[in-house]
Amino acid sequence: MTTIATTKDAITSAKTRMEKAIEDFRKELGTLRTGRANASVLDSVRVDYHGALMPLNQLGALTVPDPGMIVIAPWDASIVAAIDKAIRTSDLGLNPTNDGKVVRVPIPAPTEERRKDLVKQLHKILENHRTALRNVRRDLKEAIEKLEKEKKISEDDKKRSLDELEKLSHSELKKMEDLSAVKEREVMSF
């Protein structure tokens with residue numbers, strides 16, 4: 001953590017760290033499979049290409065022609081079988097097909113039980129990121145209190161900064177909960 005010299009530094013640092021936590025939350029939400037095709041579901045798939053494990057999105061164009069299908073058009077047609085195998089062996093539970101030129105990945109609609117599991121997983125991800133926000137708030141609260149203890153800021157400045165930090169953390173947490181609610185509706189609507 002960088003050194004905090006003023007309350008303004010503390011609030012700026014809090015804002016930056018909280019925005020990073022929200023961005024990470026968005027990325028994790030994107031990888032959560034909802035039954036609707038989304039190319040980011042395949043972000044974790046790595047394909048053995050000439051002895052190196054490469055991300056799928058670097059080996060071809062990923063498109064979503066309809067809500068139930070992802071199509072991968074590799075730039076090198078010789079790796080179609082390797083892409084097919086990598087998707088099958090991943091823990092995503094997808095069953096791709098290929099015609100020698102492109103790989104089609106049908107995205108099955110999840111069962112009611114699977115949707116409930118996805119919502120539980122979503123809540124777990126949300127709680128982990130809530131904890132990250134709380135940790136940021138705690139760290140910066142301690143830094144502000146230390147500034148006051150060292151007589152670098154007044155008690156009024158400390159109170160004002162802590163109030164601002166609290167408002168910031170509440171607004172960032174609200175953003176995260178709103179994103180989670182949207183994703184939960186998307187999961188349960190299928």
- Item | From 71, 119, residue being farther than 24 Å from residue 179 by Cβ and either assigned by TED's automatic domain parsing to the domain that holds residue 184 or among the β-branched types (Val, Ile, Thr) (or both) | 71
- For residue 100, work out the one condition from (1) touching a residue at least 12 places away in the same chain (Cβ under 8 Å); (2) part of a helix (DSSP H, G or I); (3) surrounded by fewer than 12 Cβ atoms within 10 Å (Cβ to Cβ) it doesn't fulfil. (2)
- Would you check if residue 26 is among the basic types (Lys, Arg) and under 18 Å from the mean Cα position of the chain (by Cα)? yes
- Item | Criterion violated by residue 152 - all others in (1) closer than 27 Å to residue 11 by Cβ; (2) assigned to a helix (DSSP H, G or I) satisfied | (2)
- Can you tell which of 72, 11 is surrounded by 13 or more Cβ atoms within 10 Å (Cβ to Cβ), in contact with a helix residue (DSSP H, G or I) (Cβ under 7 Å, 6 or more places away or on another chain) and in a strand (DSSP E or B)? 72
- Query: Looking at the stretch 166-187, is at least one residue small (Gly, Ala, Ser), farther than 28 Å from residue 119 by Cβ and in a helix (DSSP H, G or I)?
  - Reply: no
- Task: Would you check which residues across the stretch 140-190 are among the hydroxyl-bearing types (Ser, Thr, Tyr) and either surrounded by 17 or more Cβ atoms within 10 Å (Cβ to Cβ) or within 30 Å of residue 5 (Cβ to Cβ) (or both) and list them?
- Result: 154, 161, 169, 171, 180
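The values are calculated or read from the model by the stated rules, or taken from the named source; none is laboratory data. It should be emphasised that the depicted structure is a prediction, and the values quoted were computed from it without experimental measurement. Reconstructed Cβ throughout: ideal geometry from the backbone, glycine too, with neighbour counts over all protein chains shown.
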